[in-house]
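Beneath this line is the structure, given in structure tokens, with notes to follow.
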Amino acid sequence: MTEQSDADGVTGGCVRCGPAYLELLALSYNDPERRPHHQVLVDSYSVQHPGGDDPVAMQRLSICLMTLYLFLERGADARHGPQLHRRMVHRARFTRLEPHPAAQDLHSRLTAADVAAVDATQYEKQLWAWAGEVWGAWREHHAQVRAWTDASLS
Ligand SMILES: [Zn+2]
């Protein structure tokens, strides 16, 4: 079985879906059909694995929720994800979202493993379904995420 060996916590931290995520990342970097959705992949995995209370984890969670919100609810183009993240990091001030959804709640939804399980023709649909589910898990904090987003992009 895969060990929890990656200190980074984003890529290999989850024994249940970390390996599937790494596989999807490699495909996403190399496949021009998948590449436009790359940020959706990264954001979905990140918000399903929010990490600890350190400033780096807190910032990563916050900006990934913010871009997911823009993609899912405001029709933003996922290809602009990296630029959006840069702006958000420079402008926003984040606080911990309290409470986090329970890990069990986060993992009762679609995961990277479900996305890795479908063939290329279903990838986009399944990826966005996953994104919608993990965004939904943070429902309690949607208002805060919208406020951060408005503040950082205004
Ligand atoms: Zn996981």
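Observations, loosely collected:
- Trypsin sites (Lys or Arg not before Pro) lying in DSSP loop within region 86-154, provided at most 12 other Cβ fall within 10 Å: Arg93
- Dividing the summed -39500 (n - 2.57) terms of all DSSP H runs of n ≥ 4 by the residue count of the chain sets its mean residue ellipticity at 222 nm at -19000 deg cm²/dmol.
- Atom-type composition of the exposed protein surface of the chain places 51 percent of the accessible area on carbon and sulfur (1.4 angstrom probe).
- Total charge dipole magnitude, the chain, about the Cα centre, Cβ charges on Lys, Arg, Asp, Glu only, Debye to nearest 20: 600 debye
- Under a Gaussian network description of the chain, with springs only between Cα atoms under 10 Å, the residue in Ala143, Ala113, Ala129 that fluctuates furthest is Ala143.
- Val15 versus Leu153: modelled label distance in nm, points set 7 Å from Cα along the beta carbon direction: 3.9 nm
- Spatial separation of Cα centroids for region 76-154 and region 55-70, in angstrom: 7 Å
- Contour excess over end-to-end distance, with Cα ends at Asp119 and Ala26 and 0.36 nm allotted per residue: 32.0 nm
- Measure of compaction for region 50-154 (Cα Rg per 2.2 N^0.38 Å): 1.09
- Using the 1.4 Å probe convention, the accessible area of the chain works out to 52 Å² per residue with neighbouring protein chains retained.
- Given the chain, longest segment not containing exposed loop GluC sites (Glu not before Pro) (DSSP; at most 13 other Cβ within 10 Å): 34-154
The values are calculated or read from the model by the stated rules, or taken from the named source; none is laboratory data. What you see is a predicted model, and the numbers here were worked out from it, not measured in a lab. Please note: Cβ atoms are built from the backbone with ideal geometry, for glycine as well, and neighbour counts cover all protein chains shown. Protein only, heavy atoms only, side chains kept; ligands, DNA and RNA dropped before computing areas. Shrake-Rupley method; radii C 1.70, N 1.55, O 1.52, S 1.80 Å.
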